[in-house]
1. Which of the residues that make up segment 12-26 are surrounded by fewer than 11 Cβ atoms within 10 Å (Cβ to Cβ) and either of a type in the set (S, T, N, Q) or at pLDDT 85 or above (or both)?
2. With (1) modelled with pLDDT under 80; (2) in contact with a Lys or Arg (Cβ under 8 Å, 6 or more places away or on another chain) as the list, and Asn63 as the residue in question, which single condition is left unmet?
Amino acid sequence: MSSHSPAPWTIVGTDGHALGIWDAEAKDVVSENGGPMRQEDARLIASAPLLLDALKELVRLENLAVQGQRSDEWVAAWNAARAAVAKARGES
């Protein structure tokens, strides 16, 4: 399985309008003229909301764990994070 375009990705544009996303080699990941996109990049972009939600939940639960309140939610959050990563990799 190949991987997504190399990180970091950068939003390119003018006056606050995104015109595309470039990878670490300044190659288009996404462009406004709708050129072809690598399947791995599309999967990563499509799973971004799940990845963000999973990370936000882990941060919330880590803050509780620091206060001594670790629970079954902790395991569920890690499982959600693992699932989001698997989706981004095309493993689910």
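1. Thr14, Glu25, Ala26
2. (2)
Quick grid of which residues meet (1) surrounded by 12 or more Cβ atoms within 10 Å (Cβ to Cβ); (2) in a helix (DSSP H, G or I); (3) at pLDDT below 80:
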{"position": "Val29", "(1), (2), (3)": "yes, no, no"}
{"position": "Pro36", "(1), (2), (3)": "no, no, yes"}
{"position": "Asp41", "(1), (2), (3)": "yes, yes, no"}
{"position": "Asp53", "(1), (2), (3)": "yes, yes, no"}
{"position": "Val59", "(1), (2), (3)": "no, yes, no"}
{"position": "Val75", "(1), (2), (3)": "no, yes, yes"}
{"position": "Ala81", "(1), (2), (3)": "yes, yes, no"}
{"position": "Ala86", "(1), (2), (3)": "yes, yes, no"}
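The values are calculated or read from the model by the stated rules, or taken from the named source; none is laboratory data. Quantities reported herein were computed from a predicted structural model and do not represent experimental measurements. For neighbour counting, all protein chains shown are included, and Cβ atoms are generated from backbone atoms with ideal geometry for every residue, glycine included.
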